[in-house]
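The values are calculated or read from the model by the stated rules, or taken from the named source; none is laboratory data. Values in this document were obtained by computation on a predicted structure and should not be read as measured data. Reconstructed Cβ throughout: ideal geometry from the backbone, glycine too, with neighbour counts over all protein chains shown. Protein only, heavy atoms only, side chains kept; ligands, DNA and RNA dropped before computing areas. Shrake-Rupley method; radii C 1.70, N 1.55, O 1.52, S 1.80 Å.
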Amino acid sequence: MVDMIVVGAGAAGLIASITAARTGQKVLLLEQNSKIGKKILVSGNGKCNIDNRYISARRFHGENPDFIDEVLNGYGFEVVEKFFTSIGLELIEGKEGKMFPMSLQASSVVELLEFEAQKRGVQILCDCAVTSLSKDDDTFTVETSQGSKRCKKLLLASGSPAAPQLGGSNSGYAFATKMGHSLIPRHPSLVQLCSEEQWVKTCAGVKVAGLAKLYANGEYVTEKKGDLLFTNYGISGLAILDLSREVSTRLADYDYCELSLDLMPGLSKEKLTNLMINRLDTASEKPVEIWLHGILNKKLIHIIREQSKCSARRECELNRKEVGKLVYAIKNLKLSINDTKGFKGAEVATGGVNTAEVNPQTMESKLVPGLYFAGEILDVDGDRGGFNFHFAWVSGLRAGNHLK
């Protein structure tokens, strides 16, 4: 029997195992995949956006914001940086406070974590799926594909159903509920959005720096600025990923979701109108479609013409009123959303184990002594930009420090 078993060799599980082993604990780390840290390896397009320098509770979401505040208190970026420095990983800063390994290789993060775990005596078993668990008195029994394991303390860091191709699953939730914990509904987040409108297919591949506003049942919800990428299934891009949490939640409540896309947020309505008016040649027979080539991607022109209901066919027929219609469509292109790309396309998931049932100081269950949680299995998800990793590292550090 070992002192503790950690289920899941992702970010939270690895850092918790190392931290506990540093205190002298005998740790067994179980991973269902053939390799550890699979999500770490693909993060940041292989560069690993490991954290963010500017940690704030407002960048995290969940049903219990007080829990998030307490977990983050005293565990800012500097604490995480100190840990990584201790295992030999140097960090550099990118845009918006995003932190990366100096090597710009996610493999550096995983290999240094693995080396430190092994150095500290952590036993790592890959291809080891947990099938069931139980507790008798003060001992946990964990049934796995590699036999029965026993421990005094058990940490569930098995992630969420996001990215099942990388091992994401609901297994940890099943074990949590068996132990008496309740769950907050889970939905895909940081995920692409789908539309049934056919025009997006004709615009597939077009990418613009824009502004996306979300409306649910006709009411304004929120907006995000950034890349907009039209696709065969709908729309993606950084602005869309940032909106997707709210969209997923609204769609789950059967709300009608629509995006209003500003394709030129850098120009006000007035400036864009004046720009277009100044371009007019009242004697020109140039078709409006050709005239618009001067300012718009040609794949977008058809839908702009359609949504604007501009009646002019030639440049000479354009006037301030008709130009105003085009300007409105360019800055308010409508796209209805009927779905997301699901957990397979999602980077993270909303919801999870109800944090009202977990001690934010130690990550220990309030219901089952000796049972701990860390990472994405909990009802906490962060914004894009390294925030989800930060919560994984911090919750793993807290759990590891108290698994004594």
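Miscellaneous remarks
Quick grid of which residues meet (1) of a type in the set (A, V, I, L, M, F, W, C); (2) more than 24 Å from residue 298 (Cβ to Cβ):
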site	(1), (2)
191	yes, yes
198	no, no
211	yes, no
220	no, yes
232	no, no
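- Answer from 271, 344, 321 - the residue that is more than 27 Å from residue 198 (Cα to Cα), modelled with pLDDT under 95 and either in contact with a His (Cβ under 7 Å, 6 or more places away or on another chain) or not hydrophobic (A, V, I, L, M, F, W, C) (or both): 321
- Residue 222 meets the stated requirement of being touching a helix residue (DSSP H, G or I) at 6+ places or on another chain (Cβ under 9 Å) and either at negative phi or part of a strand (DSSP E or B) (or both).
- Qualifying residues in the range 183-202 (those that are touching a helix residue (DSSP H, G or I) at 6+ places or on another chain (Cβ under 7 Å) and open to solvent by less than 30 Å² (accessible area, probe 1.4 Å)) - the one farthest from residue 6 (Cα to Cα): 199
- For the range 37-59, filtered to residues that are open to solvent by 10 Å² or more (accessible area, probe 1.4 Å) and touching a strand residue (DSSP E or B) at 6+ places or on another chain (Cβ under 7 Å), the residue that is modelled with the lowest pLDDT is 44.
- Where a residue in the range 141-167 is closer than 24 Å to residue 20 by Cβ and β-branched (Val, Ile, Thr) and its partner, wherever it lies, is in a loop (DSSP other than H, G, I, E, B) and modelled with pLDDT of 90 or more, with Cβ under 7 Å and at least six apart: 144/128; 144/129
- Restricting the range 213-238 to residues that are among the small types (Gly, Ala, Ser) and closer than 10 Å to residue 192 by Cα, the residue that is farthest from the chain's Cα centre (by Cα): 234
- Cβ pairs under 6 Å, 6+ apart, first in the range 4-18 and closer than 21 Å to residue 131 by Cβ and open to solvent by 10 Å² or more (accessible area, probe 1.4 Å), second among the β-branched types (Val, Ile, Thr) and part of a strand (DSSP E or B): 7/130
- Which listed residue, of 159, 172, 97, is among the small types (Gly, Ala, Ser), at pLDDT 95 or above and within 20 Å of the chain's Cα centre (by Cα): 97
- Counted residues, the range 256-268 - those being touching a strand residue (DSSP E or B) at 6+ places or on another chain (Cβ under 9 Å) and either open to solvent by 60 Å² or more (accessible area, probe 1.4 Å) or free of Cβ contacts under 8 Å to residues at least 12 places away in the same chain (or both): 2
- Of the helices (runs of 4 or more DSSP H) lying entirely inside the range 269-347, those containing at least 3 residues that are open to solvent by 80 Å² or more (accessible area, probe 1.4 Å) span 269-279, 298-308, 320-331.
- In the set 172, 218, 180, 205, only one residue is out of contact with any Lys or Arg (no Cβ under 8 Å at 6 or more places or on another chain), in contact (Cβ under 8 Å) with a residue 60 or more places away in the chain, open to solvent by 30 Å² or more (accessible area, probe 1.4 Å) and not aliphatic (A, V, I, L, M); that residue is 180.
- When the range 362-382 is filtered for residues that are more than 20 Å from residue 74 (Cα to Cα) and surrounded by fewer than 21 Cβ atoms within 10 Å (Cβ to Cβ), the ones remaining, listed by number, are 366, 367, 368, 369, 370.
- Checked against (1) assigned to a helix (DSSP H, G or I); (2) open to solvent by 60 Å² or more (accessible area, probe 1.4 Å); (3) at pLDDT 95 or above, residue 143 passes all but condition (1).
- The lone exception for residue 68 - which of (1) open to solvent by 20 Å² or more (accessible area, probe 1.4 Å); (2) touching a strand residue (DSSP E or B) at 6+ places or on another chain (Cβ under 8 Å); (3) over 23 Å from residue 143 (Cα atoms) it fails: (1)
- Residue match in the range 199-221 (condition: among the acidic types (Asp, Glu) and closer than 24 Å to residue 349 by Cα): no
- All of (1) surrounded by fewer than 20 Cβ atoms within 10 Å (Cβ to Cβ); (2) modelled with pLDDT of 95 or more; (3) not aromatic (Phe, Trp, Tyr) hold for residue 29 with one exception: (1).
- The conditions of being in contact (Cβ under 8 Å) with a residue 40 or more places away in the chain and either open to solvent by less than 10 Å² (accessible area, probe 1.4 Å) or not in a helix (DSSP H, G or I) (or both) are met by residue 395.
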